[in-house]
Structures are given as structure tokens and as C-alpha cells.
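Following: one structure in C-alpha cells, then a few remarks.
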Amino acid sequence: MKKIRKAIIPAAGLGTRFLPVTKGLPKEMLPIIDIPTVQYIIEEAIDSGIEEILIIDNVDKTIIHKYFSVDEKLENKLLETNKKDEYDLVHHIGTMCKISYVQQNDPKGLGHAVSLAEEFVGDEPFAILLGDDLMSNVGGTPVLKQMIDAYDKVGSSILGVQEVAREVVHKYGVVKPVSIDGRLIKISDFVEKPKTEEAPSCYAGLGRYILTPKIFELLKTQTPGKGGEIQLTDSIKRLMDIEGVYAYDFEGTRYDVGDKFGFVKAIIDFSLRRDELKDKVQEYINSLVK
Ligand code: UTP
């Protein structure tokens with residue numbers, strides 16, 4: 001069985017839920033205090049054993065590419081001014097992983113974005129981490145690593161899921177479970193944004209996937225689905241007719257940074273974990289509650 005070594009991060013969406021800032025800044029670059037969301041996502045991938053990353057950006061999002069490149073001018077300036085800690089911080093970002101880029105200049109949907117990764121992925125199973133889904137599992141195993149460990153047991157495609165409230169299932173891709181073994185769920189259907197009464201469960205796909213390369217064949221013939229977009233969900237559904245597909249109910253918290261309230265929650269939670277901030281933030285929150 002081939003090891004999961006490669007990951008793709010789709011980051012070419014319009015970010016309409018976060019306008020107007022996304023007119024000038026990709027939502028994947030929205031900072032959780034001082035670190036862009038996509039950096040946390042790359043760190044999760046590296047901590048899960050990923051060796052190579054492909055970011056799907058577009059002509060207006062080259063700022064992501066620039067951020068993860070070595071900036072010799074800035075590095076030299078920091079060294080000249082004896083700012084060693086800042087130099088280390090900046091140098092680390094430019095060298096943390098082997099990252100390549102492909103552009104999706106017309107956002108035709110997540111399935112279309114993923115199809116652009118075929119050459120990068122080749123004939124290997126691979127991971128997808130959505131560029132606006134931030135995961136945190138403090139003191140535990142990174143979310144993607146939990147899924148890779150599950151893949152090593154079953155050798156099949158796996159969707160990262162968690163249970164959500166029934167009132168919000170219409171916002172997600174929702175799986176139909178056949179059998180449940182601990183956190184691993186064998187599934188028989190994956191429905192994009194179902195009506196509440198038609199949802200096959202409350203297990204929603206939350207931005208992490210492990211897929212076999214078979215998905216690329218299916219994406220080539222995928223017709224537009226919900227919203228006129230090429231939906232990854234539709235091809236995963238077809239994949240189930242050919243291969244077994246599982247869901248994994250991962251341990252950890254997921255923040256939808258592309259949603260305003262999800263972003264606010266991430267800022268609050270992450271600031272309460274930072275030594276230099278937590279007391280001040282907690283005190284401030286307490287003062288508001290009074
Ligand atoms: P979303 O549906 O959350 O992104 O896609 P969006 O379309 O940018 O969001 P809104 O609804 O307009 O606010 C999930 C991920 O897939 C990427 C997005 O960048 C995001 O990280 N994506 C989506 C693409 O790369 N290309 C697409 O065509 C669509």
C-alpha cells in the first residue's frame with residue numbers, strides 16, 4: 001500500500017462570504033492574530049508526515065506564493081539589525097516544506113480545483129486540506145494524521161467528518177453511514193448540502209479528505225452539480241460505486257475561517273492559548289460579561 005506523502009490545498013475560491021476583505025486578500029491569508037490560516041494548515045500537513053504540498057491559487061492570490069517564498073531582502077535586513085528571532089521566524093516560513101502552485105483562474109468549483117492537481121499527485125493516494133478549514137487538537141494527534149493512520153488500516157478513501165446540529169446539515173456534504181467501528185465509518189452515500197429532512201445523517205464533511213488517484217478519472221467526466229459548480233462530492237459519490245469509501249469522525253475542533261463567526265471563534269480560542277495574550281484576553285472577556 002502506498003504511503004500518503006502529498007497534499008493539496010485548494011485556495012482559489014471567491015470567498016464571497018467574507019467580502020469585502022476578500023476583494024483584496026485571499027481568505028486563506030486571513031490572520032489568526034499574526035499567523036495566516038493557510039500556514040496553520042500547512043503545519044498540520046507537515047506534522048502529519050506530508051512531504052510535498054500543492055496549493056491551488058489564482059492570478060489574484062499570488063500573495064500566498066510570495067508569503068511562502070524565501071525573502072532574502074527581509075532576511076538580510078533582520079540579520080543586519082540583529083533580529084535573530086524574527087529572522088528565524090521568517091526563514092522558517094520560506095523553507096518549511098516543498099510547496100508548488102497551480103492556478104485555477106476560473107473558480108468552477110472544488111472538484112475542478114482538485115482536478116488540476118492530477119499531474120502533481122500522479123499515481124498515489126493523497127490528502128486534501130481545504131484552505132479555510134482550520135483544525136486544532138491541542139495536545140493530541142493532528143486531524144490529518146488521525147485520518148492517515150486510519151488510511152493505513154483500510155487502504156481506502158476517507159472523508160474527515162464530525163457530527164453537526166441537524167439545523168445546519170444543509171450547509172455541508174453529509175455522509176450516509178453503513179457501519180460504525182469506533183471513529184471509522186463505512187459509508188454508502190455522500191450528499192452535497194441536503195435539505196434537513198433529506199439528510200442521511202448529521203455527519204458532515206469538514207475540509208479534510210484522503211482520496212485514491214482514481215478520483216481524477218471521475219473528475220474528468222464530472223458534470224456541474226449544485227450551484228452549477230463541478231462538485232468534488234459528486235465524484236466521491238461515484239467513487240463509491242468502484243471502491244470502498246469511509247468517513248472518519250476526527251478528534252479536534254474545526255474552525256470555518258471563511259465564515260465570519262468561525263473566524264471570530266478562531267481568534268478568541270487561539271488568543272486564549274497564547275502565553276503573552278491569554279490573561280489579557282480572558283480579563284477583557286470577563287469585563288464584557290460583567
Ligand atoms: P468554499 O465553498 O468554502 O469557498 O470552498 P468559496 O467558494 O471561496 O466560499 P464562498 O462561499 O464564496 O465564501 C472550500 C475551499 O475550496 C476552495 C476555496 O478557496 C476554499 O478553500 N475552492 C473553492 C477552490 O479552490 N476553487 C473553487 O472553484 C471553489
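The values are calculated or read from the model by the stated rules, or taken from the named source; none is laboratory data. Keep in mind that what you see is a predicted model, and the values were worked out from it rather than measured. For neighbour counting, all protein chains shown are included, and Cβ atoms are generated from backbone atoms with ideal geometry for every residue, glycine included. Side chains are part of the model used for accessible areas, which takes the heavy atoms of the whole protein and leaves out ligands, DNA and RNA. Shrake-Rupley method; radii C 1.70, N 1.55, O 1.52, S 1.80 Å.
Please work out which residue is farthest from the ligand (Cβ to nearest atom), limiting yourself to the stretch 105-158 and to residues that are of a type in the set (D, E, K, R), farther than 15 Å from G205 by Cβ and assigned to a loop (DSSP other than H, G, I, E, B). Taking the candidates together, the pick is D123. Scanning the stretch 60-119 for residues that are touching a residue at least 60 places away in the same chain (Cβ under 8 Å) and touching a His at 6+ places or on another chain (Cβ under 8 Å) gives a single hit, Q104. When the stretch 135-168 is filtered for residues that are touching an Asp or Glu at 6+ places or on another chain (Cβ under 8 Å) and open to solvent by less than 10 Å² (accessible area, probe 1.4 Å), the ones remaining, listed by number, are V143, L144, S157, V161.
Determine which member of the set I50, I55, I42 is open to solvent by less than 40 Å² (accessible area, probe 1.4 Å), farther than 17 Å from G94 by Cβ and at pLDDT 95 or above.
On the way: I55 fails: farther than 17 Å from G94 by Cβ; I42 fails: farther than 17 Å from G94 by Cβ.
Result of the check over I50, I55, I42: I50.
Taking residues in the stretch 240-261 that are without any contact (Cβ under 8 Å) to a residue 40 or more places away in the chain and more than 16 Å from the ligand (Cβ to nearest atom), and partners anywhere that are open to solvent by 60 Å² or more (accessible area, probe 1.4 Å) and of a type in the set (K, R), the pairs with Cβ atoms closer than 8 Å and at least 6 places apart or on different chains are I242/K214. Among residues of the stretch 204-218 that are farther than 20 Å from I185 by Cβ, those with a Cβ under 8 angstrom from a residue that is assigned to a strand (DSSP E or B), sequence gap 6+ or separate chain, pair up as P213/F126.
Let's see how each residue does on (1) surrounded by 15 or more Cβ atoms within 10 Å (Cβ to Cβ); (2) away from the ligand (no atom under 12 Å from the Cβ):
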| site | (1), (2) |
| --- | --- |
| M1 | no, yes |
| M29 | yes, no |
| I33 | no, yes |
| I46 | yes, yes |
| K77 | no, yes |
| E86 | yes, yes |
| H91 | yes, yes |
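Here V174 clears all of (1) touching a helix residue (DSSP H, G or I) at 6+ places or on another chain (Cβ under 8 Å); (2) open to solvent by less than 30 Å² (accessible area, probe 1.4 Å) except the condition numbered (1). Whenever a residue of the stretch 1-12 is assigned to a strand (DSSP E or B) and at pLDDT 95 or above, its partners that are within 16 Å of the ligand (Cβ to nearest atom) and not hydrophobic (A, V, I, L, M, F, W, C), lying with C-beta atoms within less than 7 angstrom and at least six residues away or across chains, give the pairs I9/G131; P10/G131.
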